[in-house]
Structure formats: structure tokens, C-alpha cells
Amino acid sequence: MSGTTSHKRKRTGCLGCRARRKKCDEARPVCSACSRKGQECVWPDNWRTPQTTSTFHPQGPSFVVDLSSPAGTPERENAQSTLPMRVVSRSSAASPARRRRKDPSPGISHLPLVTVAGLDDQDDFHFLLQHFMTRSMETMCPDAVDIEMSVSTLVPVIVTDDLVRRSMMAVSSLQYMLGNPASPKANKLFASCYSGALSAMRTRLALAGTPGHDARPDALAAAGILLAMMSVTKGEPFSLHVDFTCHVLIDMPASVRWGIDQKFYRHTLRITMYMLIESSLEEPGGVDTPARLKRQDNMQKLAELLWEADRRAAPAELDRECGLYQTSFITGLLTITHLSRLQEPQSHAFCGETERLAQLAAIEMQILAWQPPAHQEASTTVGKIWSLWRLAFLMLLYESPVNGAFWKPVTRRECFEAFMDELDRIPRDFFGYTAMMWPMFVMGSHAQSPKHRRVVREILTRTCDSLASQAPMVLSGFLNAVWDVPTSLGAERSPVVDVPCVFDIDPQLELC
């Protein structure tokens, strides 16, 4: 009798068939079962790259997240060693933007399979974690450096804290549902994960202050940001989640601030300040009306915490954090707190029109000088997004009220034309659509000509194709409603106000 020959199992089938406990025919790129059910076919990352002409090659540097290290430090690895997880659907060839949606985020080529003790839905966790890393990250982060920062800081907290893990699963399942709106499984998965995240948050808050309970404010802050991003994805108000995260960070004891991973702490502060500014625009301006801004007093407190954290970091470490969510960009956002203060009616009681004009001129100098640091190697994407934000801030500045009119109506129109020129030059394969929503919210309502509206609609269409989010559709509906309302006065009839004097304000834009 010949000995029994053992065969090493080399293929495991797609993740969908494994979750359904069905045999997969392993047809690439879409197996028969997923094709029949009309679902996305998600493949694990343990297959070697097939030697075909359609093999996917990552565009950016790849890295592995080492979950065994406390800080989750990224480690470089050969981009050819593993095949990135790829999500493929039958409609993936519809457009370049849709093809880009299904490819992994830049810089991510492998994520270790981790097992979380005591978690009942292990399969859902593994599937949603993979989806979060490869799909959700590009909806949340505008640049490859920001993705690397988020992966290396968030993943260790996700696998060690149940609240953050549940919040991640809620965000990932929502975006998976938006990509598969006709799938009953996707809808059921999101409902379950969303309920689990809210239940975990209620449980954590109920235990706050209990003797012997580790509140883990760092995990609370991470969960608050994830829940805020979920609201952004749904196109709903998210200021309550951001305000909650602000209070957690501000009230965090000094011993905790110094004891947690400092890279995670800095990144969390920056993201919170960024989202705080995104929630500060209560109503965008129009051709003949100024914008209404919400005063964000917590911005200054968070900025002081960020500057303190930066002083504890090595300069070389800060130089590597050169994505959009870097301190130089976030510090410039403090301008909005000054603009909102000058909009308040009671501000007239503290300064005359001459002093107001001088303050506006000083803020203009600060905004014009707000650019990526020359010594940092920021990407082209960061430079383009930074330019759009700078022009949006200038628009808010030029429509500041002075003597019952706009401050600089002529310069305001020139600023809008410069913004539209920048928008028209955005390439189709642009990666940073997620950070363009706020500038387009500020500027979109000013588009009056058919040409300008066509450019705005085209950018929003590309954004819908690129991001798993309802925010572009909500913004599109808002702009269409604004464009249907005829304008009356018009900015061109507002008088130009000359600036009599200029004085400098603090370079870190500290509030007076």
C-alpha cells in the first residue's frame, strides 16, 4: 500500500464565501457565488501576485503595521512580497475614478490577520478591518502620509479597545453599505455595527468615574473621531461628536497626555482641530450675503496642547509628518476664530472701524503667508488642497462686514476666479477629494455662470465616484437649491473699502 500523500492547502477562497461557509470556485477576479449574489468579491492577502498583464502594482511605498509594537510603528517591506487585498466588482471598469475606488489606498500592502479575544463576530471584524484599511482610509485621509499616520496610530488602539473597535466597524460597515446599497447583508451588517458602537459608548460613559475603572481617554477621543467621521460619511451634522472629543482631549490629565503614544496624541489633536473648523461654517456666503461663522473657543486650547506636544517631539519626527494634517496647516486654521470674532455685533463696542480694518489687513497677511513649509517634502496633493483652503479663507476674509458692506468686493471676485481656476486644474485621478468638501462648501454658492457651475458639478461627480460618502451628494443638493434662488444686490455694488494701516499679529494667531 502506498503512503498517503498530503497536499498543502494553498487557496482559501474569497472572504465572502468564507463568511457564508460556502465552497468558493476561486474564479478571479469575481467568483461565481459573489457574481450571482451581486456582491463585491473580496480576496484575502495571502495569495501570490498572479503573473498576468492585469496585475496590480501599488503606486506608493508599502508598509506593514506591526501590531506587536506598542506604537504600531510602520516597517518597510518589499512591495512585491504580498498581493494587496483587492475589492473587485462588475462595475469597476466604468470609469478611471471607479477603477481607483477598488484599489487599496496608497502605501498599504498587507495587514496581519489578528484575533481579538472575546469577540463573537471575528469574521465581520476581519472583513471590516480590511475594508477600513483599504477603502475607508482614502475617504478619511487626503494624502498617503496621512493614511500612514492613521494606520500606524489607530490600528493598535482598534485591536486593544472594544469601543474603538466597534466604532471602526460602524464606519467601515457604513461605507461598505454605501458601496453595496442593494445588498441586504450590507444593510444588516451596518445596523448591527452601528448599534454595537452606540452600546459600547454608553457602557464606557456609564463606567466613567467608577473606582478602579480605566477610562482610557485616548480611546474615547479615537472613538469620538470615528463616530464623527461616520456622521460626515452619512452627510449629517457631526459637531456633537467633535465637541465631545474636544472636551476629552482638553480634560485629559497631564500624566495621561505624556504617557500615551505621542504620535497618536499629536495626530488626534490635529484631526480634531481640522474637524472643528469643518463644523464652524454655519451658513456659506452668497453673491450678496456674507457667510455665518461659529466661534470655536476650543480651537485655542487645542492649539496650545498641540504646540506643547510638538515641543516634546524630535524635529526629524515632525518633518516626517508632512501630510495635510500637519501642524503648519492646522495652525493656520486658527484664522477662522478671528474672523468669527470680528463678525460678532458686540465686537463693534471694543474696536472702531479703523482698528477693524487694521486687524483684517493683518489677518490677510497671515493667510497669504500660509503655505507648506519650504523644508518639508509635501506632496503635490497637499499643495493643491492647501491652495484651495487658502483661497476659501481669503473669500471669508474679503466678505467681512465693514461699514455695512463687504471689505474688498473686487478682490473677492478675483479670489473666486482664482479658486475656480485651481478647481478646473484638478486632475481626474486626484487623491485628495475628501479635503475639498469644505472649500467647495464655502465657494460653491458663489458660482453664478454656467461654466463655473459645470466645473463644480464635475468635481462633485468625481468625488462621488471616488469616495464612499454621501457628503458630496448632500453638498450637491444644497448648491442646487442655492443656485435656484435669484440674487438681488450682488457683490459688485458693494463699495471698496481702503485700508488705512496695517499691523502684525502673533504668528501663532493666539486669540486676544
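The values are calculated or read from the model by the stated rules, or taken from the named source; none is laboratory data. Predicted model, so just to flag it, every value in this text is computed and none were measured. Quick reminder, even Gly has a Cβ in these numbers, built from the backbone with ideal geometry, and neighbours come from all protein chains shown.
General observations
- The C-beta contact set for region 445-471 (first residue touching a residue at least 40 places away in the same chain (Cβ under 8 Å), second residue assigned to a helix (DSSP H, G or I) and charged (D, E, K, R), distance under 6 angstrom, 6+ apart or interchain) comprises 465/98; 470/234.
- Output for region 296-317, where each listed residue is free of Cβ contacts under 8 Å to residues at least 40 places away in the same chain and crowded, with 18+ Cβ neighbours inside 10 Å: 299
- So residue 282, is it over 23 Å from residue 249 (Cα atoms) and outside any helix (DSSP H, G or I): yes
- Counting only residues that are in a loop (DSSP other than H, G, I, E, B) and without any contact (Cβ under 8 Å) to a residue 40 or more places away in the chain, region 385-407 holds 1 of them.
- Residues being more than 24 Å from the chain's Cα centre (by Cα), modelled with pLDDT of 90 or more, in a helix (DSSP H, G or I) and small (Gly, Ala, Ser) - total across region 302-349: 1
- Candidates 201, 137: the one that is within 14 Å of residue 469 (Cα to Cα) and free of Cβ contacts under 8 Å to residues at least 40 places away in the same chain is 137.
- Residue check for residue 408: basic (Lys, Arg) and modelled with pLDDT of 90 or more: no
- Test: residue in region 320-327 that is within 19 Å of residue 395 (Cα to Cα) and surrounded by 17 or more Cβ atoms within 10 Å (Cβ to Cβ): no
- Check on residue 435, assigned to a helix (DSSP H, G or I) and crowded, with 19+ Cβ neighbours inside 10 Å: yes
- The selection criterion, being among the hydroxyl-bearing types (Ser, Thr, Tyr), out of contact with any Phe, Trp or Tyr (no Cβ under 6 Å at 6 or more places or on another chain), modelled with pLDDT of 80 or more and exposed (fewer than 14 other Cβ atoms within 10 Å of the Cβ), does not hold for residue 476.
- Residue within region 350-360 that is closer than 22 Å to residue 280 by Cα and modelled with pLDDT under 85 present: yes
- Condition check for residue 231: in a helix (DSSP H, G or I), at pLDDT 95 or above and under 16 Å from the mean Cα position of the chain (by Cα): no
For every residue, the table says whether it meets (1) touching a helix residue (DSSP H, G or I) at 6+ places or on another chain (Cβ under 7 Å); (2) under 24 Å from residue 418 (Cα atoms); (3) β-branched (Val, Ile, Thr).
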site: 324; (1), (2), (3): yes, yes, no
site: 330; (1), (2), (3): yes, yes, yes
site: 335; (1), (2), (3): yes, yes, yes
site: 344; (1), (2), (3): no, no, no
site: 354; (1), (2), (3): no, no, yes
site: 363; (1), (2), (3): yes, yes, yes
site: 368; (1), (2), (3): no, yes, no
site: 376; (1), (2), (3): yes, no, no
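- Any hit, region 241-250, residues being free of Cβ contacts under 8 Å to residues at least 12 places away in the same chain and farther than 18 Å from residue 163 by Cα: no
- Any chance residue 136 is modelled with pLDDT under 90, crowded, with 23+ Cβ neighbours inside 10 Å, closer than 26 Å to residue 435 by Cβ and within 14 Å of the chain's Cα centre (by Cα): yes
Let's see how each residue does on (1) under 29 Å from residue 143 (Cβ atoms); (2) part of a helix (DSSP H, G or I):
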residue	(1), (2)
417	yes, yes
439	yes, yes
453	yes, yes
461	yes, yes
464	yes, yes
468	yes, no
478	yes, yes
481	no, yes
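- Taking the listed residues 227, 281, 293, the one that is out of contact with any Lys or Arg (no Cβ under 8 Å at 6 or more places or on another chain), within 21 Å of residue 467 (Cβ to Cβ) and touching a residue at least 60 places away in the same chain (Cβ under 8 Å) is 227, with no other qualifying.
- Residue match in region 130-145 (condition: in contact with a strand residue (DSSP E or B) (Cβ under 9 Å, 6 or more places away or on another chain) and of a type in the set (Lys, Arg)): yes
- Per-region count, region 249-274, residues in a helix (DSSP H, G or I) and surrounded by fewer than 22 Cβ atoms within 10 Å (Cβ to Cβ): 11
- For region 202-220, filtering for residues that are assigned to a loop (DSSP other than H, G, I, E, B) and either more than 23 Å from residue 265 (Cβ to Cβ) or at pLDDT 90 or above (or both) leaves 3.
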